[in-house]
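Enquirer: I have a structure I would like to understand better, so I am pasting it below and will then ask my questions one at a time.
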Amino acid sequence: MRITILTIFPEMFEGFLNTSIIKKARLKNIVEINVADFRQYTKDKHHRVDEYPFGGGQGMVLMCQPILDCLNDVRRENSHVILTNPTGEKFVQAKAHQLLEYDDIVIICGHYEGYDARISDYVDEEISIGDYILTGGELGAMVITDAVTRLVEGVISADSIEDETFENGLLEYPQYTKPVEYDGKTVPEVLLSGHHENIRKFRLYESLKKTLQLRPDLLENRELTAEESRMLEQIREELAAEEK
Ligand SMILES: C[S@@+](CC[C@H](N)C(=O)[O-])C[C@H]1O[C@@H](n2cnc3c(N)ncnc32)[C@H](O)[C@@H]1O
């Protein structure tokens with residue numbers, strides 16, 4: 001997979017591209033991630049990429065020309081072009097999986113007050129990473145790139161992904177590591193037992209309980225197995241008894 005990020009702040013990506021799993025994925029040539037500075041494409045003699053908005057108002061708006069000339073230069077026939085935008089579709093794990101279908105992704109980072117609205121006509125979709133306003137799309141581009149890259153085959157093991165939060169419609173069960181006792185708090189016995197089936201059941205139970213307590217909306221959209229339905233029933237009864 002190739003991901004190209006269009007930004008006027010390429011230096012923001014240095015740490016991101018050269019650290020941990022993203023760095024390894026690049027060095028193994030599993031993903032190619034490029035950063036293109038669209039300021040280099042401006043035809044303005046003062047190298048400007050933004051202008052005052054027509055109609056007045058606060059702030060500066062990114063112009064079409066530098067972004068679209070840069071996009072035309074880097075895009076391939078099969079590129080899927082994403083505009084980072086707080087007004088776009090909310091980014092979720094399912095979207096990260098869906099983006100795996102593209103071999104070539106281009107992500108455009110806005111800044112200042114945002115873009116000339118006509119840029120929307122040249123992209124395939126607009127993505128928001130959440131209901132808040134960032135100074136620029138760079139963090140959004142990193143979020144999307146990170147979430148997608150770790151799902152690309154060969155980047156991390158498929159087993160690690162399987163049980164993760166959101167992967168099977170549940171929150172992940174709690175995890176523990178050494179020491180067995182810390183500040184008087186001990187690791188649940190079953191995890192030390194080596195009994196795989198009991199550990200599986202414990203984790204499923206904890207996963208269902210956590211999801212019910214913190215994100216009940218996830219359970220509404222999920223088809224439960226018979227085992228999960230039984231466990232959930234038990235959890236509900238136990239929680240109701242605790243409340244009495
Ligand atoms: C300050 S924001 C512009 C906000 C715009 N004036 C508005 O009210 O919708 C500048 C740029 O940051 C990026 N950005 C800000 N918040 C974002 C979010 N939640 N998700 C994705 N990108 C975001 C976008 O690229 C946006 O064009």
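Enquirer: Calculate the FRET efficiency for THR87 and SER193 from the Cβ-Cβ distance with a Förster distance of 45 Å, rounded to the nearest 0.05. Please list the in-between numbers first.
Expert: Details: r = 51 Å, r/R0 = 1.13.
Working from the Cβ atoms, E equals 0.30.
Enquirer: Rounded to the nearest Å, what's the spacing between the alpha carbon centres of segment 151-198 and segment 211-244? Just the number, please.
Expert: Spelled out, the Cα-based centre of one part sits 20 Å from the other.
Enquirer: Measure nothing fancy, just the Cα-based angle from helix 226-243's long axis to the longest principal axis of the chain, in degrees from 0 to 90, nearest 10.
Expert: Taking Cα atoms only, the helix is inclined about 80 degrees.
Enquirer: Same structure again: At 222 nm, what helix-only mean residue ellipticity would the chain give, in deg cm²/dmol to the nearest 500, using -39500 (n - 2.57) for each DSSP H run of four or more?
Expert: Working: 9 runs with 89 residues, N = 244.
My calculation for the chain gives -10500 deg cm²/dmol from helical runs alone.
Enquirer: Modelled label-to-label distance, GLU172 and GLU101, 7 Å Cα→beta-carbon offset: nm?
Expert: Each label point lies 7 Å from its Cα, and together they span 2.7 nm.
Enquirer: For the chain, find the longest principal axis of its Cα atoms and tell me its angle to the long axis of helix 196-214, 0 to 90°, nearest 10.
Expert: 60 degrees
Enquirer: Moving to a separate point now. ASP73 label point, 7 Å along Cα→Cβ, cut-off 13 Å on backbone N: hits in segment 19-54?
Expert: So the set is 35-44.
Enquirer: So which trypsin sites (Lys or Arg not before Pro) in segment 1-41 pass both tests, a DSSP loop state and at most 12 other Cβ atoms within 10 Å of the Cβ?
Expert: LYS28
Enquirer: Within the chain, what is the longest stretch that has no GluC sites (Glu not before Pro) placed in a DSSP loop and near at most 15 other beta-carbon atoms within 10 Å? Kindly include the intermediate steps, with their values, before the conclusion.
Expert: Details: sites that count: GLU77, GLU101, GLU113, GLU164, GLU167, GLU223.
By the stated rule (loop sites, at most 15 other Cβ atoms within 10 Å), 1-76.
Enquirer: Testing the spin-label approximation: label points 7 Å from Cα along Cα→Cβ at VAL152 and SER120. State their distance in nm.
Expert: Distance between label points: 3.0 nm.
Enquirer: Within segment 144-179, what residues put their amide N at less than 17 Å from the label point 7 Å along the Cα-to-Cβ vector of LEU224?
Expert: 168-173
Enquirer: Ordered by packing density, taken as the mean number of other Cβ atoms within 10 Å over each peptide's residues, highest first, how do 80-88, 65-73 rank?
Expert: Order by mean packing, descending: 80-88, 65-73.
Enquirer: Across all directions of projection, what mean area in square nanometres is found for the Cα convex hull of segment 181-243?
Expert: Values: hull surface 22.6 nm².
If you wrap the Cα atoms of segment 181-243 in a convex hull and average its projections, you get 5.6 nm².
Enquirer: Mind scanning LYS43/LYS90; LYS95/LYS201; LYS28/LYS185; LYS178/LYS209 and naming the pairs with a C-alpha gap bigger than 31 Å? Numbers along the way, then the final one.
Expert: On the way: LYS43/LYS90 34 Å; LYS95/LYS201 29 Å; LYS28/LYS185 41 Å; LYS178/LYS209 24 Å.
Checking Cα-Cα distances, LYS43/LYS90; LYS28/LYS185 exceed 31 Å.
Enquirer: Another question about this same structure. Which percent, nearest 5, of DSSP beta bridges in the chain are antiparallel?
Expert: On the way: 5 of 27 bridges.
Close to 20 percent.
Enquirer: Please report, in whole Å³, the volume per residue of the convex hull around the C-alpha atoms of segment 70-110.
Expert: Taking only Cα atoms, segment 70-110 has a hull volume of 70 Å³ per residue.
Enquirer: Return one number: the angle in degrees, 0 to 90 and rounded to the nearest 10, between the long axis of the Cα atoms of helix 64-74 and the longest principal axis of the Cα atoms of the chain.
Expert: 70 degrees
Enquirer: To continue, here is another question. Length gain on complete extension for the stretch ALA241 to TYR182, per 0.36 nm per residue less the alpha carbon to alpha carbon distance?
Expert: Working: separation 59, 0.36 × 59 = 21.24 nm, distance 2.93 nm.
Result: 18.3 nm gained on full extension.
Enquirer: What percent does the relative contact order of segment 89-229 come to when contacts are Cα pairs within less than 8 Å and at least six residues apart? Write out the running numbers ahead of the final one.
Expert: Details: 94 pairs, mean separation 30.3, N = 141.
RCO, segment 89-229: 22 percent.
Enquirer: Treating the Cα atoms of the chain as identical point scatterers in vacuum, please give the log10 of the normalised Debye intensity I(q)/I(0) at q = 0.10, 0.13, 0.14 Å⁻¹, two decimals.
Expert: Listed by q, the Debye log ratios stand at -0.64, -0.90, -0.98.
Enquirer: Within a 10 angstrom radius of the beta carbon, how do ILE156, ILE8 rank from fewest other beta carbons to most?
Expert: Details: ILE156 15, ILE8 23.
With the sparsest Cβ surroundings first, the list reads ILE156, ILE8.
Each value in this text was obtained by applying a stated rule to the coordinates, not by laboratory testing. Bear in mind the structure is a predicted one, so any value in this text is a computation, not a measurement. Methodologically, a virtual Cβ is constructed for each residue, glycine included, from the backbone with ideal geometry; neighbour enumeration extends over all protein chains shown.
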